[in-house]
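Below is one structure; the comments refer to it alone.
The values are calculated or read from the model by the stated rules, or taken from the named source; none is laboratory data. Being a predicted model, the structure only gives us computed values, none of them experimental. So basically every Cβ, Gly included, is an ideal-geometry build from the backbone, and we count neighbours across all protein chains shown.
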Amino acid sequence: MTLSRREFLTLLGGTALLAPGVHASAFPLRGTYALAGVVHPGRGAPMPGHAVLVRAGRIEGVVPAKTVADRPILAPENVSILPGVINAHCHTLHSARERRERWLLCGVTSIGDAASPLDALPALLDSPPGTTATASTCGPMLCPPGGYPLPIHSPKHGMVAATPRQGADAVKRLADLGVTRIKIAFEPGVMPEPWPLFDPATAAAICDEAHRLGLGVRCHVEDLSGLGPALDAGVSVIEHVPHRWNDRGRIRSVLTPDDAPAPYYLGLLERMVRDGVTMTPTLDVFTRTPWNGPALFEPVRAFHAMGGRIALGNDFPYRRTEAGMPVREMRLLARAGLDKAAVLEAATVSAAEVCGFTDRGVIAPGMAADLLMVRGEPGPDALKDPLHIVKEGVFIR
């Protein structure tokens with residue numbers, strides 16, 4: 001790399017300014033350095049002309065770029081710096097190598113595995129620093145005898161709890177194995193005979209024990225009939241957007257004739273906002289089904305307009321959803337009414353909260369240095385091809 005006189009003098013003074021477009025490998029930044037541009041912290045307003053200070057894999061702070069004089073600076077022209085993207089709802093890519101190749105190299109620095117067999121936990125928990133996408137884990141989904149996911153997935157994906165005591169014990173067992181979240185379902189399915197659902201006492205015991213241990217509870221809900229019982233139990237996250245409604249055998253629309261959520265549905269969405277329950281809509285997977293349409297998008301639009309928290313996840317690999325940067329999910333969230341800032345928040349800080357990550361998802365002091373640099377605004381087009389990917393302070397790209 002050829003340095004200008006100004007850059008050479010700056011380097012002598014202790015600060016290296018990299019020329020635009022220069023790959024990090026041409027001037028490897030390790031240990032202590034800064035990334036300068038427009039900083040998008042994940043939540044809050046962008047900060048033009050600022051630098052993210054990195055030391056030993058952690059973020060030290062965010063300061064005006066012109067004040068940095070104690071470390072090298074990577075400062076390409078017209079770049080945005082944002083937290084690494086998190087896909088909060090995916091399955092099956094368990095090994096550290098798979099997570100590196102299919103997620104991290106595309107800029108997805110962490111994933112939320114939303115239910116896997118017990119024998120997958122060791123691989124999911126294997127995340128050597130700076131090498132692979134960090135995984136949040138649930139282990140098998142807790143379910144009543146014969147309940148979802150048992151009718152359609154491998155028995156290894158479910159763990160049966162028939163009583164409150166069994167439910168609480170199952171939570172303790174999973175916590176001892178290192179899971180970061182608990183997963184349950186209120187899912188009657190679409191068959192003539194509904195699948196069994198948790199009784200209220202067992203569901204509440206599961207949620208109570210999980211919360212006592214500091215674990216959030218993620219709940220699979222596709223049918224609106226399951227949303228109220230899930231909220232009654234005390235879940236933290238609704239996975240998917242409820243888009244059909246079997247009301248005690250009567251098939252009803254989740255929308256009014258003018259495509260607004262039905263009054264009962266609106267009331268439950270308002271309750272979610274009051275209770276701080278997040279929604280991970282997984283629009284990507286459902287738009288590949290016959291349910292594609294207003295029943296998917298209008299509840300998300302209404303929930304977002306109420307101030308509800310939305311997290312990004314695409315339910316990889318079901319129905320041909322893809323690994324890598326979840327650009328299609330981002331575009332679908334925008335179609336559901338989220339602006340660019342809200343989509344970015346869904347893909348970073350809200351996704352981190354859903355997964356139980358307390359040290360990533362935002363650019364702030366003390367957080368892991370999981371960072372992306374992209375050209376221009378951090379929209380889906382730019383995120384398809386990040387300029388630089390940093391994982392716990394290590395340049396991956």
- Message: So the check is Cβ under 6 Å with 6+ separation or different chains; which pairs have a first residue in segment 341-357 that's assigned to a loop (DSSP other than H, G, I, E, B) and a second one that's among the β-branched types (Val, Ile, Thr)?
- Response: GLY356/THR180
- Considering only residues that are basic (Lys, Arg), surrounded by 15 or more Cβ atoms within 10 Å (Cβ to Cβ) and within 20 Å of PRO129 (Cα to Cα), look in segment 25-78 and name the one that is farthest from the chain's Cα centre (by Cα). ARG55
- Item | Filtered residues of segment 358-376 (kept if hydrophobic (A, V, I, L, M, F, W, C) and part of a strand (DSSP E or B)) | ALA368, LEU371, LEU372, MET373, VAL374
- Task: Can you confirm whether segment 8-30 contains a residue that is modelled with pLDDT of 95 or more and more than 20 Å from VAL108 (Cα to Cα)?
- Result: no
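Hey, among ILE238, ILE251, which residue is assigned to a strand (DSSP E or B) and either outside the structural domain of ALA135 (by TED's automatic domain parsing) or surrounded by 24 or more Cβ atoms within 10 Å (Cβ to Cβ) (or both)?
ILE238
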- Hey, any hits in segment 140-148 for a residue that's aliphatic (A, V, I, L, M), closer than 23 Å to PRO242 by Cα, in contact (Cβ under 8 Å) with a residue 60 or more places away in the chain and not in a helix (DSSP H, G or I)? yes
- Query: Would you call THR358 in contact with a Lys or Arg (Cβ under 9 Å, 6 or more places away or on another chain) and among the polar types (S, T, N, Q)?
  - Reply: no
- Query: Among the residues of segment 184-235, how many are more than 24 Å from SER136 (Cα to Cα), in contact with a helix residue (DSSP H, G or I) (Cβ under 9 Å, 6 or more places away or on another chain) and of a type in the set (Asp, Glu)?
  - Reply: 2
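Looking at the structure I just gave you, is LEU387 at pLDDT 95 or above and buried (at least 24 other Cβ atoms within 10 Å of the Cβ)?
Taking the combined requirement at face value, the residue does not satisfy it.
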- Task: Quick one: ALA175 ticks every box in (1) farther than 15 Å from TYR148 by Cα; (2) surrounded by fewer than 15 Cβ atoms within 10 Å (Cβ to Cβ); (3) not hydroxyl-bearing (Ser, Thr, Tyr) except a single one, so which number is it?
- Result: (2)
- Task: Tally the residues that are of a type in the set (Ser, Thr, Tyr) and either over 19 Å from HIS220 (Cβ atoms) or free of Cβ contacts under 8 Å to residues at least 24 places away in the same chain (or both), restricting the search to segment 250-297.
- Result: 3
- Message: Of everything in segment 331-350, what is crowded, with 24+ Cβ neighbours inside 10 Å and closer than 18 Å to GLY376 by Cβ? Give them in sequence order.
- Response: LEU344, ALA347, THR348
- Task: Determine if segment 314-327 includes at least one residue that is farther than 21 Å from HIS94 by Cα and crowded, with 18+ Cβ neighbours inside 10 Å.
- Result: yes
- Which one is surrounded by the most Cβ atoms within 10 Å (Cβ to Cβ), of the residues in segment 118-165 that are among the aliphatic types (A, V, I, L, M), over 30 Å from HIS388 (Cβ atoms) and in contact with a Gly (Cβ under 7 Å, 6 or more places away or on another chain)? LEU142
- Query: Only one of these conditions is not met by MET330: (1) modelled with pLDDT of 95 or more; (2) under 26 Å from GLU98 (Cα atoms); (3) not assigned by TED's automatic domain parsing to the domain that holds PRO128. Which number is it?
  - Reply: (3)
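Look through LEU332, LEU338 and report the one residue that is part of a loop (DSSP other than H, G, I, E, B) and over 23 Å from GLY130 (Cα atoms).
Sole residue among the options that is part of a loop (DSSP other than H, G, I, E, B) and over 23 Å from GLY130 (Cα atoms): LEU338.
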- Hey, could you check segment 274-305 for residues that are surrounded by fewer than 16 Cβ atoms within 10 Å (Cβ to Cβ) and modelled with pLDDT of 95 or more and say which is farthest from GLY226 (Cα to Cα)? ALA305
- Message: Could you list, ordered by first residue, the pairs with Cβ atoms under 7 Å in which the first is in segment 304-332 and hydrophobic (A, V, I, L, M, F, W, C) and the second is surrounded by fewer than 17 Cβ atoms within 10 Å (Cβ to Cβ) and assigned to a loop (DSSP other than H, G, I, E, B), at least 6 apart or interchain?
- Response: ALA305/GLY337; PHE316/GLU322; MET325/LYS384; VAL327/LYS384
- Which one of these is in the same structural domain as THR282 (by TED's automatic domain parsing) and closer than 30 Å to GLY31 by Cβ: MET373, MET325? MET325
